[in-house]
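Worksheet: one structure, shown below.
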Amino acid sequence: MAFGPLVPYGRHGQAGRVTHTLPPGPPSPAPPSPTEAAPAPVPTPTPVPAPGRRPRVHRAWWVAVVAFVALVGAAGFRATPSVFIDPLKDEFGWSSGTVSGAVSVNVLLYGLTAPFASALMERYGIRRVVACALLLIAAGSGLTVFMTAPWQLFLCWGVLVGLGSGSMALAFAATVTNRWFVARRGLVTGVLTAGGAAGQLVFLPLVAVLVEGPGWRTASLAVCGAALAVVPLVVWLLRDHPEDVGLRPYGAGDDHVRPVEPSSGAARRTLGALSSAARTKVFWLLAGTFAICGASTNGLVGVHFVPAAHDHGMPVPAAASLLAVIGVFDLVGTVASGWFTDRFDARRLLAVYYALRGVSLLFLPLLFAGDVRPSMLFFVVFYGLDWVATVPPTIALCREHFGADGAIVFGWVLASHQAGASMVAFLAGVTRDATGSYDVVWIASGALCASAALMALVIRRRPEVTAAA
């Protein structure tokens, strides 16, 4: 029925409207006969409701800030192994191999926990998992002050802190980025990855000063307090999904649909993602390159740079400060790498990063001295820009090739990273005990980086899926 023009008076002397009836339309389809089955309704996902009022700053950026701070807190204890080796040797008489063995357990569990933690975040929420992880780190670092035997070092420093920091690994950054961002994913990944470098930057000089002054126990308690301080911030501000606060992910369009929550258990989904990814060539190439990445960063430079510099007469605080400066330039390099990843081929970026890192490590044995010289400063800047610049393009390739399981698959790739780091952290200490020098380890690590550059170039692009005409 359509409305006509207004007239002064209607049929009964009251104001009204003249109406016109539309011609009849096509007949409605007849209902299906009792013998004819009606088609089953196709379930459609419920779209995210559009928010009534959008804030000036999207909530995703605040979530990224909280995640960054949490990663900084988790990085605190992982920055301490290199400055704890000599004090523990002096107080307890433990060898470099013993202390390095505890570090290797820490690094290995850090990697093996990451894929399961990513699946747990999918099932139980980011906030719960991150808060529990920080509590584990605080417990491990706090209980370290009571240890008197090597097995206690392995338990506190290796197991507890390894599990806690593994739950706060880079897979956490990948999960936050995938959930809260559609645009600027590479940049945000770079910033969150740099959180580890920022933690090293903040804690390492402080830890070195505390170790030289009050002692390593005070340094452990300081890290414990820092991890505990981040827990209330995580509980208060971190949210699992943008839809929980009536928002879409940053950069998502009106057609965005909230992903379906996984119905399977965390362990089953994690192992299923590994089983599926392990059938592809790209997974093994990414795992191999990232194992070399871990061997040449966390396992070697992160653990043994300070004692290696001390072998050449450099004071421990000075060497620790150089390692912290590496963290400063890593912050710059990783954020820049995220920006590059949004614009350039991730495979070629990886090849360039590994090649440059290998060259720098080949020259490192020639640069050690009793004091800080310009050549060493050049290495610190050059190597620092490349420290974990490999992470954003590696996450991007996992997302590109493995889709919804990309964060979990990256957790397994990160496990290979930490396996490589764990192996080299132990072998470098054993080599130092056997030969009295780290020179062989630096050269071997440089050669491995060259092979990683070639492996990155072998990775093929995922074919673009085009709609049929």
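Things to note:
- Amide H to amide H, with H built 1.01 Å from N, residue 387 comes under 5 Å of no residue 5 or more places away or on another chain.
- Rough spin-label spacing in nm, given labels placed 7 Å along Cα→Cβ, for residue 236 and residue 373: 5.0
- The shape of segment 103-260 can be summarised by an equivalent ellipsoid whose semi-axes, obtained from the alpha carbon gyration tensor, come to 33, 16, 13 Å from longest to shortest.
- Computed from the C-beta positions of residue 254 and residue 461, the FRET efficiency with R₀ = 22 Å rounds to 0.15.
- Alpha carbon convex hull of segment 324-402, projected area averaged over orientations, nm²: 5.5
- Extension gain, residue 437 back to residue 344 (0.36 nm per residue minus Cα-Cα distance, nm): 29.5 nm
- Using θ = phi - 60° and Karplus 6.51 cos²θ - 1.76 cosθ + 1.60, couplings along segment 185-193 (whole Hz; Gly, Pro as x): 5, x, 5, 5, 4, x, 5, 5, 4
- In the assembled protein chains, residue 457 presents an accessible area of approximately 100 Å² (probe radius 1.4 Å).
- Charge dipole of segment 100-214 about the Cα centre (unit charges at C-beta), most positive-ward option of 173, 111, 124: 124
- A full extension of the chain between residue 381 and residue 182 corresponds to an added length of 68.4 nm, given 0.36 nm per residue minus the alpha carbon distance.
- Under 5 Å from the amide H of residue 181 lie the amide H atoms of 250, each residue being 5 or more positions distant or on a separate chain, with H modelled from the backbone and absent for Pro and chain starts.
- Length gained on full extension, residue 149 to residue 450, computed as 0.36 nm times the residue gap minus the Cα-Cα distance: 104.3 nm.
- Estimated distance in nm for a label pair at residue 359 and residue 404, the labels positioned 7 Å out from Cα along Cα-to-Cβ: 4.4
- Whole-angstrom gap from segment 269-323 to segment 206-229, using each part's C-alpha centre: 24
- Residue order by solvent-accessible surface for 401, 417, 310 is 310, 401, 417, largest first, with ligands and nucleic acids left out and a 1.4 Å probe.
- For residue 244 and residue 278, a Förster radius of 45 Å and the Cβ-Cβ distance give a FRET efficiency of 0.85, rounded to the nearest 0.05.
- What segment 318-469 shows is 44 Å² of accessible area per residue, with the surface traced by a 1.4 Å probe over protein heavy atoms.
- Per residue, the convex hull spanned by the alpha carbons of segment 79-195 comes to 94 Å³.
The values are calculated or read from the model by the stated rules, or taken from the named source; none is laboratory data. On a predicted model such as this, the values are computed, not experimentally measured, just so you know. Here Cβ is always computed from backbone atoms with ideal geometry, including for glycine, and neighbour counts include all displayed protein chains. The accessibility values were calculated without ligands, DNA or RNA, using every heavy atom of the protein model including side chains. Shrake-Rupley method; radii C 1.70, N 1.55, O 1.52, S 1.80 Å.
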